[in-house]
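Trainee: Dumping the structure here so I can ask a few things about it.
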Amino acid sequence: MTTRELTYVKAFNEGMHQMMASDPDVFLIGEDVAGYGGVFHMFDGLLTEFGDRRVKDTPIAEQAIIGLGVGAAARGLRPVCDLMFMDFIGVAMDQIFNQAAKMKYMFGGAVSVPLTITTAGGGGMSAAAQHSQSLEAWLAHIPGLKVAMPASPYDAKGLIVGAIRDDNPTIVVLNKKMLGVKGLVPEELYGIPMGVANVVREGTDVTIVAIARMVVEATKAAKELEAEGISVEVIDPRTVQPLDTDTIVTSVKKTHRALIVHEAVEFGGIGAEISSQIQESAFDYLDAPVARLAAPFSPVPYAPILENAYMPDAARIAAKVRALVERS
Amino acid sequence: MTETAATGVIYGPREGYRDGLTRGLVLDLHRRMVRIRLFEESSGKLVETGDMPGFLHLYVGQEAVAAGVMSVLGDADQITSTHRGHGHAIAKGAEFRPMFAELYGKTTGYCKGRGGSMHIVDMSRGMLGANAIVGGGIPIAIGAGFASQYRGDGTVAATFFGDGASNIGAFHESINMAAVWDLPVIFVCENNGYAEFTAQSSHMKLEDIAERAASYGIPGVVVDGMDALAVRAVALDAVERAKSGAGPTLIEAKTYRYFDHQGIKGMRIPYRDPAEVEAWKERDAIKILEAIGTESGLASTEDFAAIWAETQADITDGIEFARNSPDPDPADILDDVYTV
């Protein structure tokens with residue numbers, strides 16, 4: 001397998017190119033995805049390569065964008081519908097949670113909806129409260145949906161391919177602050193199935209379950225802590241729905257301590273679910289209560305000084321791990 | 001057919017739309033409408049007696065709309081429907097046995113007892129599902145129409161919705177996108193005068209919802225929704241336009257539901273004048289078609305009586321089948337959440 005260094009967004013883009021080349025039923029619609037290539041250049045070159053039958057700019061109409069995808073998917077096509085910023089998902093939510101998610105079940109299995117929704121989430125860019133959110137817990141709560149959150153260039157390509165190949169409605173949430181992050185990516189077409197966690201780094205003292213860009217911060221913290229003699233295992237679930245509980249629980253049974261980190265607000269976040277699953281399956285192995293590090297319960301603020309205080313980072317993750325270790 | 005300069009609304013159908021009428025067509029439309037009428041009346045009673053679970057939004061009164069539109073569509077053409085969707089499913093060819101079974105919540109139902117009244121689906125006949133969210137099926141229909149265009153398979157999609165749904169954002173977004181992309185979609189607004197219990201005059205300034213078509217650059221057609229032949233004629237024009245690549249049409253069928261928003265007796269809220277209800281019943285769609293049939297000599301009262309009788313026998317058979325069908329097993333409750 002030939003690998004080379006690509007940015008996160010280029011890796012995603014390569015996955016889109018390869019999937020559209022390999023499957024004529026795949027098409028892309030969204031706001032400024034064709035001529036402009038998407039505001040984050042996620043879709044650069046697709047119009048040129050595949051033409052305006054398969055790559056289409058839409059009106060600003062999120063309900064129609066997703067609804068069109070639902071109807072086309074129910075007829076057997078494999079639509080990719082882009083929502084640009086994750087914050088815009090509320091506009092299209094009826095088509096996502098009442099239609100796409102439920103059709104299979106409420107129609108007694110008669111219909112599959114192989115729809116992929118792409119969007120960009122996360123903060124750190126002074127984009128403020130309506131362009132910075134991490135709403136994965138909201139989506140993960142809906143039976144029928146799958147939610148992927150790539151945390152590396154390798155996963156950005158593998159998860160978009162895995163999502164398009166999946167026969168269920170799947171939302172792929174790119175992280176805006178990771179677009180330029182580089183990493184090794186195979187040239188070949190490969191897909192990562194939904195629900196398979198990645199053990200990013202092995203360790204023996206503490207398990208950190210980190211979501212999206214927090215994987216990068218957790219890995220930084222783990223390196224820092226290694227110098228202090230604390231061995232940290234970092235797990236990236238890759239998809240929050242389905243959630244690879246087995247990998248997480250196996251790790252915690254080994255390390256006896258767990259910290260969950262995400263950008264979304266702590267209350268009702270996916271960390272609450274992960275924490276609950278750990279205590280249900282590994283209570284007797286725990287040397288300390290499961291800890292969480294996430295955003296405070298407020299909208300994402302604008303001023304850099306406020307936003308920096310809002311989002312977890314490597315230093316705060318390291319401090320939280322030290323506290324966990326000292327406690328036991 | 002007249003077009004008003006001010007609004008661009010076409011008052012259809014074209015003159016002579018009853019010319020060339022055949023016995024086959026009269027009986028076909030009649031059968032579709034009678035099947036709807038008897039299914040709705042019988043299921044309505046079964047819910048009221050407590051024999052059947054849930055609650056029903058009955059289509060009685062509006063039969064000509066479903067029958068007229070569906071008579072110009074084939075099995076490969078797709079439709080999306082509403083919470084008041086039994087009529088669309090039946091007119092599209094759905095069978096009584098799995099429909100009753102679904103309403104009874106049985107494994108032999110169209111949705112294996114998972115969906116019930118508001119989610120009847122029949123993929124083999126292009127019935128892409130009823131929908132319990134007002135207007136929820138409209139965006140899905142443009143996706144079905146997009147698939148027709150993408151594949152170039154010559155099929156069309158029709159979406160049914162009410163006067164109330166024409167006020168939601170998804171209607172505007174969908175019809176605009178269908179217009180911009182010339183999608184082969186027919187937007188069928190069944191204007192029964194009420195959004196649940198709220199009269200049209202209280203929920204929009206317009207009298208003719210078809211006027212809205214002008215703002216999307218597509219034809220808007222008003223038709224008598226109690227005349228199945230008139231509905232069929234304007235639907236034929238819309239299908240022809242869609243198949244030619246010219247794009248969507250908005251059809252507004254003026255119609256009326258005889259029963260309440262929900263159930264036969266409903267909640268007994270006095271929001272409609274009983275005289276208004278009776279006036280619409282005077283123009284009953286089935287009566288109108290039967291009169292056309294007998295006056296033209298194409299069909300006899302015996303022909304129509306036979307259809308009523310056959311349909312009643314089918315109803316009895318369907319209810320019997322549903323009652324005797326197995327209940328779903330709670331152990332299977334997680335089946336079909338995902339495609340595995």
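Bear in mind that the values in this text are calculations on the coordinates, not laboratory data. For clarity, every value in this text was computed on a predicted model and none was experimentally measured. Because the Cβ atoms are built from the backbone with ideal geometry, glycine has one as well, and the counts that use them run over all protein chains shown.
Trainee: Taking 8 Å as the Cα distance limit and 6 or more residues as the minimum spacing, I'd like the relative contact order of chain B as a percentage.
Mentor: Values: 698 pairs, mean separation 82.8, N = 340.
So the answer I get is 24 percent.
Trainee: Taking the number of other C-beta atoms within 10 Å as the exposure measure, put A:HIS141, B:HIS119 in order starting with the fewest. The partial results should precede the final answer.
Mentor: Details: A:HIS141 15, B:HIS119 24.
Ordered from fewest to most neighbouring Cβ atoms within 10 Å, A:HIS141, B:HIS119 come out as A:HIS141, B:HIS119.
Trainee: Could I ask something else about it? Residues with beta-carbon under 13 Å from that of B:TYR194, excluding B:TYR194: net charge, scoring Lys, Arg +1 and Asp, Glu -1? Walk me through the numbers on the way to the answer.
Mentor: On the way: positive: B:ARG84, B:LYS254, B:ARG257, B:ARG272; negative: B:ASP163, B:GLU190, B:GLU196, B:ASP260, B:ASP273, B:GLU276.
Here the charged neighbours net out to -2.
Trainee: Now for a different question. Counting DSSP beta bridges in the protein assembly as shown, what percent are antiparallel, to the nearest 5?
Mentor: On the way: 15 of 71 bridges.
Approximately 20 percent, going by the DSSP bridge assignments.
Trainee: Rounded to the nearest 20 Debye, what is the dipole magnitude of the range B:64-199 about its Cα centre when Lys and Arg each give +1 and Asp and Glu each give -1 at the C-beta?
Mentor: On the way: 8 positive and 11 negative charges, 94 e Å.
I would put it at about 460 debye.
Trainee: Also, quick follow-up: Could you compute the net charge surrounding B:LYS112? Neighbours are other residues with a C-beta less than 12 Å from the C-beta of B:LYS112; K and R count +1, D and E count -1. Could the numbers behind the result be given before it?
Mentor: Values: positive: A:LYS104, B:LYS106, B:ARG114; negative: B:GLU102, B:ASP327, B:ASP329, B:ASP332, B:ASP335, B:ASP336.
The answer is -3.
Trainee: Now for a different question. Determine the sum of side-chain charges near B:ALA66: Lys and Arg each +1, Asp and Glu each -1, restricted to other residues whose C-beta is under 12 angstrom from that of B:ALA66. Intermediate results must be reported in sequence, preceding the final value.
Mentor: Working: positive: B:ARG32, B:ARG35, B:ARG37, B:ARG84, B:LYS92, B:ARG232; negative: B:GLU40, B:GLU63, B:GLU190.
Its environment carries a net charge of +3.
Trainee: Further question on the same structure: Give the residue from A:THR204, A:PRO237, A:ALA218 lying farthest towards the positive end of the charge dipole for the range A:198-327; charges sit on Cβ (+1 for Lys and Arg, -1 for Asp and Glu) and the dipole is referred to the Cα centre.
Mentor: The one lying farthest along the dipole's positive direction is A:ALA218.
Trainee: Contact order normalised by length for the range B:214-277, with contacts defined as Cα pairs under 8 Å and 6 or more residues apart; what percent is it? Spell out each step's value before the answer.
Mentor: On the way: 55 pairs, mean separation 21.0, N = 64.
Answer for the range B:214-277 is 33 percent.
Trainee: From the residues B:THR255, B:TYR11, B:THR301, which one has its Cα farthest along the dipole of the range B:2-324 in the positive direction, the dipole being from +1 and -1 charges on Cβ of Lys/Arg and Asp/Glu about the Cα centre?
Mentor: After comparing all options, I get B:THR255.
Trainee: Something else: Counting only C-alpha contacts under 8 Å and six or more residues apart, can you give the relative contact order of the range B:77-146 as a whole percent?
Mentor: On the way: 127 pairs, mean separation 28.0, N = 70.
The value is 40 percent.
Trainee: Sticking with this structure for a sec: Any lysines with Cα under 28 Å of the A:LYS102 Cα? List them, leaving off those in the same chain fewer than 8 positions away.
Mentor: Partners within reach: A:LYS56, A:LYS146, A:LYS157, B:LYS92, B:LYS106, B:LYS112.
Trainee: Okay, moving on. Against the longest alpha carbon principal axis of chain A, how many degrees, from 0 to 90 and to the nearest 10, is the axis of helix A:62-74 turned?
Mentor: 80 degrees
Trainee: Hey, fewest Cβ within 10 Å first, where do B:THR107, B:THR80 land in order? Display every interim value, and only then the final one.
Mentor: Numbers: B:THR107 17, B:THR80 31.
Placing the least packed residue first, the sequence is B:THR107, B:THR80.
Trainee: Out of A:LEU324, A:ALA61, B:SER202, whose Cα points farthest toward the positive end of the dipole of the protein assembly as shown (charges: +1 Lys, Arg; -1 Asp, Glu; placed on Cβ)?
Mentor: A:LEU324
Trainee: When the dipole is taken about the Cα centre of the range A:198-327, and only Lys, Arg (+1) and Asp, Glu (-1) are charged at their Cβ, what size is it in debye, to the nearest 20? Write out the running numbers ahead of the final one.
Mentor: Numbers: 13 positive and 19 negative charges, 29 e Å.
It comes to approximately 140 debye.
Trainee: Using a 10 Å cut-off around each Cβ, can you sort A:PHE85, B:PHE197 from fewest to most neighbouring Cβ atoms? The partial results should precede the final answer.
Mentor: On the way: A:PHE85 18, B:PHE197 14.
Ascending Cβ contact count within 10 Å gives the list B:PHE197, A:PHE85.
Trainee: Separation of the range A:57-111 and the range B:110-126 by C-alpha centroid, Å?
Mentor: Cα centres, the range A:57-111 to the range B:110-126: 19 Å.
Trainee: Helix-derived [θ] at 222 nm for chain B: sum -39500 (n - 2.57) over DSSP H runs of at least 4, divide by residue count, nearest 500?
Mentor: Working: 11 runs with 139 residues, N = 340.
So the helix-based figure for chain B works out to -13000 deg cm²/dmol.
Trainee: Please express the shape of chain A as an equivalent ellipsoid: the semi-axes are the square roots of 5 times the eigenvalues of the C-alpha gyration tensor, given largest first in whole angstrom. Could the numbers behind the result be given before it?
Mentor: Values: eigenvalues 221, 84, 73 Å².
For chain A, the semi-axes come out at 33, 20, 19 Å.
Trainee: In whole Å, how far is the Cα centre of the range A:210-248 from that of the range B:193-261?
Mentor: Computed from Cα coordinates, the inter-centre distance equals 57 Å.
Trainee: Might you report the magnitude of the Cβ-based charge dipole of the range B:2-324 about its Cα centre, with Lys and Arg at +1 and Asp and Glu at -1, to the nearest 20 debye?
Mentor: On the way: 30 positive and 42 negative charges, 154 e Å.
Dipole about the Cα centre, nearest 20: 740 debye.
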